[in-house]
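*Asks:* Take this structure, written in structure tokens, and hold onto it; I'll ask about it next.
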Amino acid sequence: MTTICVFGAGRMGSALARAFLAAGHVMSVWNRTPERCKPLADLGARIAPSLDDAVAASDIVVVNVLDYAAADTHLRSPAVSHALGGKLLVQLTSGSPDQARQTAAWASRHGSRYLDGAIMATPNVIGQPFATILYAGDHPTFEANKAVFDVLGGNTVHVGDDVGHASALDIALLSPLWGTLFGTLQAIAVCQAEGIALDAYARHLKPFTKIIHDATDDLIVRARDRRYRADDDTLASITAHHGAFQHLMSVCRERQLNGALPDAFDGIFRAAIAAGHLHDDFAALVPFMR
């Protein structure tokens with residue numbers, strides 16, 4: 001059985017450790033605050049006296065802490081760096097693509113294999129068949145350890161040899177979530193300002209959701225193919241979108257609503273229009289996001 005070290009005993013780190021323990025893996029756990037490890041010790045984990053001790057005793061080192069800076073503070077100490085030689089380091093802390101690449105280069109210099117991952121799940125579903133975790137890095141290394149990773153979630157996916165791609169996809173997949181949540185905040189503000197019950201808004205939103213999904217799918221395909229000009233398949237041109245968008249700008253002024261988001265979006269519209277794209281497909285905004 002593979003021996004595992006989990007560095008980090010917050011809600012997510014503890015969920016990862018519990019999944020490994022449930023699968024019968026021998027494991028050590030270390031956290032900057034040792035008290036957080038006690039519930040895991042009750043389940044059979046060994047609380048290591050130091051991180052270098054935990055690393056030395058393990059085949060795979062799984063990291064899940066606040067951010068890369070917190071991880072580096074401990075991982076890059078001389079003792080831990082030395083102990084990592086010959087181990088597989090799996091970074092499941094959220095970060096940027098470049099942070100993943102920099103960590104991979106550092107790990108290689110210290111004789112450690114490296115995979116970077118993104119957990120697309122909440123702690124309560126870790127270990128469930130539908131829990132998704134994305135991994136990036138050397139594919140043979142991933143395949144050799146996939147059975148271990150499958151313990152954490154049934155949808156274990158290798159997304160490429162570039163170690164930055166798991167983090168990049170994490171950011172890309174969360175972007176529509178934030179867009180939807182902030183868009184919903186805007187919708188709530190408009191409804192409340194106009195005296196529309198939110199339950200009524202929710203009812204009207206449901207049949208409109210297909211339009212949203214279809215527009216999103218169309219935008220992705222057009223961006224992939226660089227089909228920015230309006231054509232017979234265009235769902236709505238920038239002319240139509242920008243015209244309707246001005247109504248949101250108006251209600252924000254009329255009702256003194258926070259206009260930060262509409263102003264930002266309008267700036268992108270206006271940049272594209274100034275560049276001659278008024279009558280093009282909405283996808284013509286793609287280059288203006290760079």
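The values are calculated or read from the model by the stated rules, or taken from the named source; none is laboratory data. Computed from a prediction, not measured in an experiment: that's the story for all the values here. Quick reminder, even Gly has a Cβ in these numbers, built from the backbone with ideal geometry, and neighbours come from all protein chains shown.
*Asks:* Tell me the residue from Asp232, Asp225, Asp280 that is among the acidic types (Asp, Glu), surrounded by 12 or more Cβ atoms within 10 Å (Cβ to Cβ) and over 21 Å from Gln192 (Cα atoms), please.
*Replies:* Working: Asp232 fails: surrounded by 12 or more Cβ atoms within 10 Å (Cβ to Cβ); Asp225 fails: surrounded by 12 or more Cβ atoms within 10 Å (Cβ to Cβ).
Every option except Asp280 fails the conditions.
*Asks:* Follow-up. Output the residues belonging to the stretch 131-154 that are over 21 Å from Thr3 (Cβ atoms) and more than 16 Å from the chain's Cα centre (by Cα).
*Replies:* Once the filter is applied, which keeps residues that are over 21 Å from Thr3 (Cβ atoms) and more than 16 Å from the chain's Cα centre (by Cα), the stretch 131-154 yields His139, Gly154.
*Asks:* Name, by its number, the condition in (1) part of a loop (DSSP other than H, G, I, E, B); (2) closer than 30 Å to Thr103 by Cβ that does not hold for Asp170.
*Replies:* (1)
For (1) outside any loop (DSSP other than H, G, I, E, B); (2) in contact with a Gly (Cβ under 8 Å, 6 or more places away or on another chain), each residue gets a yes or a no:
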{"residue": "Gly44", "(1), (2)": "no, no"}
{"residue": "Pro49", "(1), (2)": "no, no"}
{"residue": "Asp52", "(1), (2)": "yes, no"}
{"residue": "Val61", "(1), (2)": "yes, no"}
{"residue": "Leu66", "(1), (2)": "no, yes"}
{"residue": "Ala70", "(1), (2)": "yes, no"}
{"residue": "His74", "(1), (2)": "yes, no"}
{"residue": "Gly85", "(1), (2)": "no, yes"}
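*Asks:* Something else: For Ala215, are the conditions met, namely being at pLDDT 95 or above and assigned to a helix (DSSP H, G or I)?
*Replies:* In short, yes.
*Asks:* Here is a further query. Considering only residues that are touching a His at 6+ places or on another chain (Cβ under 9 Å), touching a residue at least 40 places away in the same chain (Cβ under 8 Å) and either among the acidic types (Asp, Glu) or in a helix (DSSP H, G or I) (or both), which ones fall in the stretch 111-151?
*Replies:* Of everything in the stretch 111-151, those that are touching a His at 6+ places or on another chain (Cβ under 9 Å), touching a residue at least 40 places away in the same chain (Cβ under 8 Å) and either among the acidic types (Asp, Glu) or in a helix (DSSP H, G or I) (or both) turn out to be Asp116, Val148.
*Asks:* Could you please find all residues in the stretch 157-172 being in contact with a Phe, Trp or Tyr (Cβ under 7 Å, 6 or more places away or on another chain) and either of a type outside the set (Val, Ile, Thr) or without any contact (Cβ under 8 Å) to a residue 24 or more places away in the chain (or both)?
*Replies:* His158, Ala166
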